[in-house]
1. Cβ-Cβ distance below 7 Å, separation of 6 or more or different chains: which pairs start in region 191-218 with a residue that is part of a loop (DSSP other than H, G, I, E, B) and end on one that is modelled with pLDDT of 90 or more and aromatic (Phe, Trp, Tyr)?
2. Could you figure out which of (1) surrounded by fewer than 19 Cβ atoms within 10 Å (Cβ to Cβ); (2) at pLDDT 95 or above isn't true of LEU257?
3. Return only the number of the condition from (1) under 23 Å from PHE50 (Cβ atoms); (2) surrounded by fewer than 15 Cβ atoms within 10 Å (Cβ to Cβ) that GLY203 does not satisfy.
4. Can you find even one residue in region 24-31 that is under 28 Å from ALA102 (Cα atoms) and of a type in the set (S, T, N, Q)?
5. Can you tell me which residue in region 371-382 is most open to solvent (accessible area, probe 1.4 Å), limited to those that are among the hydrophobic types (A, V, I, L, M, F, W, C) and without any contact (Cβ under 8 Å) to a residue 24 or more places away in the chain?
6. Any idea which residue in region 131-164 is nearest to the chain's Cα centre (by Cα), counting only those that are β-branched (Val, Ile, Thr) and open to solvent by less than 60 Å² (accessible area, probe 1.4 Å)?
7. Mind listing just one residue for me: the one in region 24-44 that is of a type outside the set (D, E, K, R) and open to solvent by 70 Å² or more (accessible area, probe 1.4 Å) and, of those, nearest to the chain's Cα centre (by Cα)?
Amino acid sequence: PGPLRRRPLFDELESRRAALAAGRTPGGQWFAGRPPVLRVFQQPTALAPFEEIPPEKIRICHLGAGASRPDPGLAAGQPTIQVGVDPVLGRLAWADTLDLPARLKVSYAYGFSGDLGGGPYDQTESVARTLALARKPTWHVGVATELGSASGETIHTSLADAIADWHDQPAGTTGLITIMDSHSYPGDLTVTIPAGSSLFLVGADWPRLPKPSGGDERRLGQVHAAEVRPHLQGNLRITATAAGDPAPPGVLALHGLLLEGELSVNDPTGQLAVLRIAHSTLVPGAGGLRVTGSKTTARVELERSICGAVDLPARGASLALLDCIIDAGTGTAITGAANAIDVQRSTILGRVNARRLDAGNAIFAGLVRAARQQEGCVRFCYVPPGSTTGRRHRCQPDLARETAAAGKTLSSAAERAIQARITPVFTSRDYGHPAYLQLAGSCPPELRTGADDGAEMGAFHFLQQPQREANLRASLDEYLRVGLEAGLIFST
């Protein structure tokens, strides 16, 4: 897989139009198969259903600055063209001679290094682990803009309506809100978690299953977390409230979501036991995660997620990161000077402040300050010079400096040279880039193979890239004819 380019798509659609005009069956590799590489749908009026625009009515254009707007084929009103698409810049241009539709919808794929962050990949096993954190759901509703009910279950058309429905449930409810499509849901949202209640916000399908008596039904608590990635546009504010009688602490979980705003959780009375964010993206620069509450003792868990800055309360809460990206740029990535923090197989851009730090196979691109240096252990990590942590084991650039010294004292120039060489190099630091925070080929091998199992440090440790490359090279050597040599050329 690689990024789409304008010219191949333009040529195929031009050939498709010519074939259809000549009465031939069109071919090609981008739009002839099912599904096409990209699709555009229009809703002519507010109450009309969506209609797919046939590929032959799409024109591939350059819609950037300085390009003709929208395109000669669109402006001239060619009868076969309805919409222009720029696959490089991600822009659409509607034909000037046609009435604007009420709404547009697009379907496309995006590239990324691995199954990390909010995405439509299969998350079935992770969802099962998340739902096991609390009692089985006793209340379940869906959210979808176009899907209807199968046998009387509640399907809301907006997330705000589903949350209003949640607020009508009694304390002690275990609720599951399943967002069943990949649409965008705009607007700020406020959610209250009563004492003893647990709430799961999950991006997943709520499958229709056959009933023994005939027909279909959707069953309580059953979801299929694949091919769905809902987009929440706005801030999400969550407050855990106290009740008169003591109640067991609850769970709040977000799974499989893209949140373009701040997630703020206020737990003033310690009603939350776990705050879990899994396979989700809290867009860096758009808000991040903020947890408040003078009495909170919640365990904040992030797994396979991308997040902006994380701000923890003065005391009580703990933070655990697993296969995550925390991106605060050059600012403070984790504010937790009074908190215990556990970072495993993650990449952190920005400074980290912690009371106690445990870490393994992680990359800290900013300075780290752990108040209790007699506690915790940092293993097989990159920790910038000048950081203060607990005991370190085979961390970089410490290990490279010790190896070069071989029991002798290095000069300051030699130390600076080691520190300059052994530093993380990423293909891109820009969120949204297909190779966002992927270790580049020019990254020093001490980091690309520096984890405890020989894999790379950081958030993409789970890909096992060095092992896969070594296995491929070994297989090539084994099967090549005598006298031939093979090399690997990485295209993405």
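The values are calculated or read from the model by the stated rules, or taken from the named source; none is laboratory data. Since the model is a prediction, treat every value here as computed from it, not as a measurement. Methodologically, a virtual Cβ is constructed for each residue, glycine included, from the backbone with ideal geometry; neighbour enumeration extends over all protein chains shown. Quick note on the areas: whole protein, heavy atoms, side chains included, nothing else; ligands and nucleic acids left out. Shrake-Rupley method; radii C 1.70, N 1.55, O 1.52, S 1.80 Å.
1. ARG218/TRP206
2. The one condition LEU257 does not meet is (1).
3. Every condition holds for GLY203 apart from (2).
4. Step one: filter region 24-31 for residues under 28 Å from ALA102 (Cα atoms), giving 30-31.
So of that shortlist, the ones also of a type in the set (S, T, N, Q) come out as none.
Within region 24-31, not a single residue is under 28 Å from ALA102 (Cα atoms) and of a type in the set (S, T, N, Q).
5. In the first step, residues of region 371-382 are kept if they are among the hydrophobic types (A, V, I, L, M, F, W, C); the result is 371, 377-378, 380-381.
Going one step further and asking which of them are without any contact (Cβ under 8 Å) to a residue 24 or more places away in the chain, we end up with 377-378.
Details: CYS377: 27, VAL378: 1 Å².
The qualifying residue most open to solvent (accessible area, probe 1.4 Å) is CYS377.
6. Of the residues in region 131-164, the ones β-branched (Val, Ile, Thr) are 138, 141, 143, 145, 154-155, 157, 163.
Still in the list and also open to solvent by less than 60 Å² (accessible area, probe 1.4 Å): 141, 143, 145, 154-155, 163.
Values: VAL141: 24, VAL143: 20, THR145: 22, THR154: 28, ILE155: 25, ILE163: 23 Å.
Ranking the candidates gives VAL143 first.
7. At the first step, the residues of region 24-44 found to be of a type outside the set (D, E, K, R) are 25-33, 35-38, 40-44.
Still in the list and also open to solvent by 70 Å² or more (accessible area, probe 1.4 Å): 25, 29-30, 35.
Details: THR25: 40, GLN29: 29, TRP30: 26, PRO35: 24 Å.
If we take residues in region 24-44 being of a type outside the set (D, E, K, R) and open to solvent by 70 Å² or more (accessible area, probe 1.4 Å), then PRO35 is nearest to the chain's Cα centre (by Cα).
Okay, residues lined up against (1) out of contact with any helix residue (DSSP H, G or I) (no Cβ under 9 Å at 6 or more places or on another chain); (2) under 26 Å from ILE489 (Cβ atoms); (3) in contact (Cβ under 8 Å) with a residue 12 or more places away in the chain:
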{"site": "ARG401", "(1), (2), (3)": "no, no, yes"}
{"site": "ARG421", "(1), (2), (3)": "no, yes, yes"}
{"site": "PHE426", "(1), (2), (3)": "yes, yes, yes"}
{"site": "GLY441", "(1), (2), (3)": "no, yes, yes"}
{"site": "GLU446", "(1), (2), (3)": "no, yes, yes"}
{"site": "ARG468", "(1), (2), (3)": "yes, yes, no"}
{"site": "LEU472", "(1), (2), (3)": "yes, yes, yes"}
